[in-house]
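**Student:** Questions regarding the structure given below will be posed in turn.
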Amino acid sequence: MDLISKPVAYAAAFLAVFASTNQAHANEPGESQQITPSGTQRTVGGSPDFFTGSVRVEPVWPADKNINASGGLVTFEPYARSAWHTHPAGQRLWVVSGVGLTQEWGKPIREIRAGDVVWCPPGVKHWHGASARAAMTHLAITGNVEGKNVTWMEKVTDDQYNAR
Ligand code: MN
């Protein structure tokens, strides 16, 4: 695949995942409680266009008309991190395990650990990922604006990642 079609393919893969789960969550009035069984939602690798290193993304729930924010469990192996990006409606990160790093553009890198909660305000350029020595898993709760929840930017260079 060339560089232009690859992001489209990844986007299509994500949409396919969320389209299949959206139906299960499209609750109508009077509809009953639903349980999405563990292990029934497809885990996808983080696209190399938007992540550095080994990253797994497990969809947990999609945004829907009731709660306009998706949940995703993201695991970064050591040194792995997202690219720089912004969220139009902001994002909360709950660190489930390990030791990670996060940074806002122009500010120092900060360490995050299991149990920490990070708020990324709308439009603020940032990245998040594992530390150099430990993997990190976080639940990312990301709001939507007109169906969009992220704007991807340039990758975090090794010099940027190691600058602390
Ligand atoms: Mn983010």
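**Student:** Out of all the residues in segment 146-162, is one or more touching a residue at least 12 places away in the same chain (Cβ under 8 Å), polar (S, T, N, Q) and either touching a Leu at 6+ places or on another chain (Cβ under 7 Å) or open to solvent by less than 40 Å² (accessible area, probe 1.4 Å) (or both)?
**Tutor:** Scanning segment 146-162 turns up no residue that is touching a residue at least 12 places away in the same chain (Cβ under 8 Å), polar (S, T, N, Q) and either touching a Leu at 6+ places or on another chain (Cβ under 7 Å) or open to solvent by less than 40 Å² (accessible area, probe 1.4 Å) (or both).
**Student:** Quick check: is even one residue across segment 152-162 within 14 Å of the ligand (Cβ to nearest atom) and either over 16 Å from F50 (Cα atoms) or in a strand (DSSP E or B) (or both)?
**Tutor:** Within segment 152-162, one or more residues are within 14 Å of the ligand (Cβ to nearest atom) and either over 16 Å from F50 (Cα atoms) or in a strand (DSSP E or B) (or both).
**Student:** When residues of segment 121-145 are filtered for being open to solvent by 60 Å² or more (accessible area, probe 1.4 Å) and closer than 16 Å to A89 by Cβ, how many remain?
**Tutor:** Of the residues in segment 121-145, the ones open to solvent by 60 Å² or more (accessible area, probe 1.4 Å) are 122, 133, 141, 145.
Then drop every residue that is not closer than 16 Å to A89 by Cβ, which leaves 122, 141, 145.
Residues in segment 121-145 being open to solvent by 60 Å² or more (accessible area, probe 1.4 Å) and closer than 16 Å to A89 by Cβ: 3 in total.
**Student:** Hey, can you tell me all the residues within segment 37-56 that are away from the ligand (no atom under 12 Å from the Cβ) and more than 22 Å from E111 (Cβ to Cβ)?
**Tutor:** P37, S38, G39, T40, Q41, R42, T43, V44, G45, S47, P48, D49
**Student:** For segment 79-95, which residues satisfy the criterion of being open to solvent by less than 60 Å² (accessible area, probe 1.4 Å) and away from the ligand (no atom under 12 Å from the Cβ)? Quick ask: steps written out before the conclusion?
**Tutor:** We begin by selecting, within segment 79-95, every residue open to solvent by less than 60 Å² (accessible area, probe 1.4 Å); these are 80-91, 93, 95.
Residues satisfying the conditions are A80, V95.
**Student:** Could you please find all residues in segment 126-140 being more than 18 Å from D159 (Cβ to Cβ) and either more than 10 Å from the ligand (Cβ to nearest atom) or part of a loop (DSSP other than H, G, I, E, B) (or both)?
**Tutor:** Listed by number, the residues that qualify are R133, A134, A135, M136, T137, L139.
**Student:** For segment 96-120, which positions are of a type outside the set (S, T, N, Q), away from the ligand (no atom under 11 Å from the Cβ) and open to solvent by 40 Å² or more (accessible area, probe 1.4 Å)?
**Tutor:** Our first condition is that a residue be of a type outside the set (S, T, N, Q); within segment 96-120, this holds for 96, 98-101, 104-120.
Remaining after also requiring away from the ligand (no atom under 11 Å from the Cβ): 96, 98-101, 105-117.
Across segment 96-120, the qualifying residues are V96, W105, G106, K107, P108, R110, E111, R113, A114, G115, D116, V117.
**Student:** Only one residue in T86, T43 is among the polar types (S, T, N, Q) and under 30 Å from E31 (Cβ atoms). Which one?
**Tutor:** T43
The values are calculated or read from the model by the stated rules, or taken from the named source; none is laboratory data. The shown structure was predicted, so the numbers you read here are calculated from the model rather than taken from an experiment. Methodologically, a virtual Cβ is constructed for each residue, glycine included, from the backbone with ideal geometry; neighbour enumeration extends over all protein chains shown. Protein only, heavy atoms only, side chains kept; ligands, DNA and RNA dropped before computing areas. Shrake-Rupley method; radii C 1.70, N 1.55, O 1.52, S 1.80 Å.
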